Amino acid sequence: MAAPRVPLWAICVLRVALATVYFQEEFLDGERWRNRWVPSTNDSQFGHFRLSSGNFYGHKEKDKGLQTTQNSRFYAISARFKPFSNKGKTLIVQYTVKHEQKMDCGGGYIKLFPADVDQKNLNGKSQYYIMFGPDICGFDIKTVHVILHFKNQYHANKKSIRCKDWEKHFLDASASKPSDWNSELDGDWQAAMLQKPPYQDGLKPEGIDKDVWLHQKMKNNYLTEYDLSEFENIGAIGLELWQVRSGTIFDNFLITDDEEYAENFGKATWGETKGPEKEMDAIQAKEEVKKAQEEDEDDMFMGRFTGRENSFRAFHRKNEL
């Protein structure tokens, strides 16, 4: 007896149906995000979020996310979802974070909370299950946190995960106009745009170590029978962090148990926007360089003119004497 033929689309639907999506947020419905996200009122000095795609983006509407708006502030905001346990299941947590400002000191990480978290009073002392994401402060602190809560204690990753420098365009500050450059013949001179910044003190970019995963068990002898990444009552996701310079945008949050779904979601969001975003950033960077050069040339011209004018006045004063 021949096997029954199953349409391909039915197989695809079955595959998607097997994925459990606990939380997904892309901020595609405008200001309705305020109905889902609750800002903490624990401190009246907490910074405010707004919905923005920033100064450069791949799609003005699709790339909108939560952006920090005030310098030197703590931020605390969270969103609930139906509580679940990830015991015996794969747990995938992903999101996008864009530091389009010059990040000198500030967090870009997220936290997963138990379902009974007090959203209105969310603060640095609120218990969380998982803390994950980048933290940057000066040249010394540039790390990716992976912290898990287990038996009333927080366990951080022992192997350092250094933040990977985004392939942003940087002006080569060490470059100077060639002595034989002729603006009339060669056009306006512009310094080269680098894909990566000039690293100082021997620092080099490093990617996230693929061997560090939340679902791996600790290898300590006294913890081999436990899995530190199993939680019974996951029910909220939030941002609780400090930023000296605001402007960071958080978007494309996803919590699921399906790696393929997560990969496809990533390709459909950040995967689609990263190319156009880089192009827009590169164009803006070149325009900024050109504007700076024009301002420098104007300053030099005015300086020369002022110098000649002063010399002319000095000459007349000398003749008057």
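Need the failing condition index for F23 against (1) open to solvent by less than 40 Å² (accessible area, probe 1.4 Å); (2) in a loop (DSSP other than H, G, I, E, B), just the number.
Of (1) open to solvent by less than 40 Å² (accessible area, probe 1.4 Å); (2) in a loop (DSSP other than H, G, I, E, B), only one is false for F23: (2).
Name the pairs whose Cβ atoms lie under 6 Å apart, with the first residue in region 70-96 and basic (K, R), the second open to solvent by 30 Å² or more (accessible area, probe 1.4 Å), and 6 or more positions between them or separate chains?
These pairs meet every condition: K87/E230; K89/D257.
Select the strands (runs of 3 or more DSSP E) contained entirely in region 41-97, then report the ones holding at least 1 residues which are open to solvent by 70 Å² or more (accessible area, probe 1.4 Å) and either of a type in the set (V, I, T) or out of contact with any Cys (no Cβ under 7 Å at 6 or more places or on another chain) (or both). Write out each step before concluding.
On the way: elements: 49-52, 65-68, 73-84.
Result: 49-52, 73-84.
Suppose we filter D135, D140 for residues that are open to solvent by 40 Å² or more (accessible area, probe 1.4 Å), at pLDDT below 95 and out of contact with any helix residue (DSSP H, G or I) (no Cβ under 9 Å at 6 or more places or on another chain); which single one remains?
Testing whether each residue is open to solvent by 40 Å² or more (accessible area, probe 1.4 Å), at pLDDT below 95 and out of contact with any helix residue (DSSP H, G or I) (no Cβ under 9 Å at 6 or more places or on another chain) leaves just D140.
For residues in region 1-20 being part of a loop (DSSP other than H, G, I, E, B) and of a type outside the set (A, V, I, L, M, F, W, C), which is modelled with the highest pLDDT? Lay out the reasoning, then the answer.
At the first step, the residues of region 1-20 found to be part of a loop (DSSP other than H, G, I, E, B) are 1-7, 19-20.
Filter once more, so that each one left must be of a type outside the set (A, V, I, L, M, F, W, C): 4-5, 7, 20.
On the way: P4: 47, R5: 47, P7: 44, T20: 93.
Restricting to residues being part of a loop (DSSP other than H, G, I, E, B) and of a type outside the set (A, V, I, L, M, F, W, C), the top hit is T20.
Identify the residue in region 275-296 that is of a type outside the set (A, V, I, L, M) and in contact with a strand residue (DSSP E or B) (Cβ under 9 Å, 6 or more places away or on another chain) and, among all such residues, is surrounded by the fewest Cβ atoms within 10 Å (Cβ to Cβ).
E288
Checking K125 against (1) closer than 24 Å to I255 by Cα; (2) surrounded by fewer than 19 Cβ atoms within 10 Å (Cβ to Cβ); (3) in contact with a strand residue (DSSP E or B) (Cβ under 7 Å, 6 or more places away or on another chain), which single condition isn't satisfied?
(3)
Can you tell me which of (1) under 28 Å from D257 (Cβ atoms); (2) at pLDDT below 95; (3) part of a loop (DSSP other than H, G, I, E, B); (4) open to solvent by 70 Å² or more (accessible area, probe 1.4 Å) is the one L28 doesn't meet?
For L28, the exception is condition (2).
The values are calculated or read from the model by the stated rules, or taken from the named source; none is laboratory data. Worth saying up front: this structure is predicted, and the values here are computed from it rather than measured. Because the Cβ atoms are built from the backbone with ideal geometry, glycine has one as well, and the counts that use them run over all protein chains shown. Each accessible area value is taken on the protein alone, full model and side chains, heavy atoms only, with ligands, DNA and RNA left out. Shrake-Rupley method; radii C 1.70, N 1.55, O 1.52, S 1.80 Å.
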